[in-house]
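The structure appears below as structure tokens.
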């Protein structure tokens, strides 16, 4: 994926600033939730015609960057 920023945006007036697929009201969270429920890329593309394979790949790249930057996990608490 060249740059997920081409496809993923965060606008304060759309879904309270949640990251969404550009030009839609589909949040990254929603897409990942559907995939977690067992939806396939094909089902997503068929059910949401404004999505493209590139925008789906951008979702994966976005999530990868978030994980790499430590934004999606909390380090374990130290116990005394």
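Just name the residue that is modelled with the highest pLDDT out of those in the stretch 17-29 that are part of a helix (DSSP H, G or I) and surrounded by fewer than 15 Cβ atoms within 10 Å (Cβ to Cβ).
Within the stretch 17-29, the first condition is being part of a helix (DSSP H, G or I), and the residues that meet it are 17, 28-29.
Those left that are additionally surrounded by fewer than 15 Cβ atoms within 10 Å (Cβ to Cβ): 17, 29.
Values: 17: 90, 29: 95.
So the residue we want is 29.
In the stretch 2-16, which residue that is under 18 Å from residue 65 (Cα atoms) and exposed (fewer than 14 other Cβ atoms within 10 Å of the Cβ) is modelled with the lowest pLDDT? Write out each step before concluding.
Taking the stretch 2-16 as the starting set, the residues that turn out to be under 18 Å from residue 65 (Cα atoms) are 2-10.
Now restrict to residues that are exposed (fewer than 14 other Cβ atoms within 10 Å of the Cβ): 2-3, 5-6, 10.
Values: 2: 65, 3: 89, 5: 92, 6: 94, 10: 93.
So, considering only residues that are under 18 Å from residue 65 (Cα atoms) and exposed (fewer than 14 other Cβ atoms within 10 Å of the Cβ), the one modelled with the lowest pLDDT is 2.
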Exercise. When you scan the stretch 1-16, how many residues do you find that are touching a strand residue (DSSP E or B) at 6+ places or on another chain (Cβ under 9 Å) and outside any helix (DSSP H, G or I)?
Worked result: 6
Problem set entry | Neighbours by Cβ (under 9 Å, 6+ apart or cross-chain): first from the stretch 1-30, at positive phi and in contact (Cβ under 8 Å) with a residue 12 or more places away in the chain; second assigned to a loop (DSSP other than H, G, I, E, B) and exposed (fewer than 14 other Cβ atoms within 10 Å of the Cβ) | 15/25; 23/50
Exercise. Does residue 35 qualify as being without any contact (Cβ under 8 Å) to a residue 12 or more places away in the chain, surrounded by 12 or more Cβ atoms within 10 Å (Cβ to Cβ) and closer than 14 Å to residue 63 by Cβ?
Worked result: yes
Problem set entry | Neighbours by Cβ (under 8 Å, 6+ apart or cross-chain): first from the stretch 55-72, at negative phi and part of a loop (DSSP other than H, G, I, E, B); second surrounded by fewer than 17 Cβ atoms within 10 Å (Cβ to Cβ) and at pLDDT below 85 | none
Exercise. With (1) part of a helix (DSSP H, G or I); (2) on the phi > 0 side of the Ramachandran plot as the list, and residue 38 as the residue in question, which single condition is left unmet?
Worked result: (1)
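The values are calculated or read from the model by the stated rules, or taken from the named source; none is laboratory data. For clarity, every value in this text was computed on a predicted model and none was experimentally measured. With ideal geometry, Cβ positions are generated from the backbone for all residues, glycine too; neighbour counts draw on all protein chains shown.
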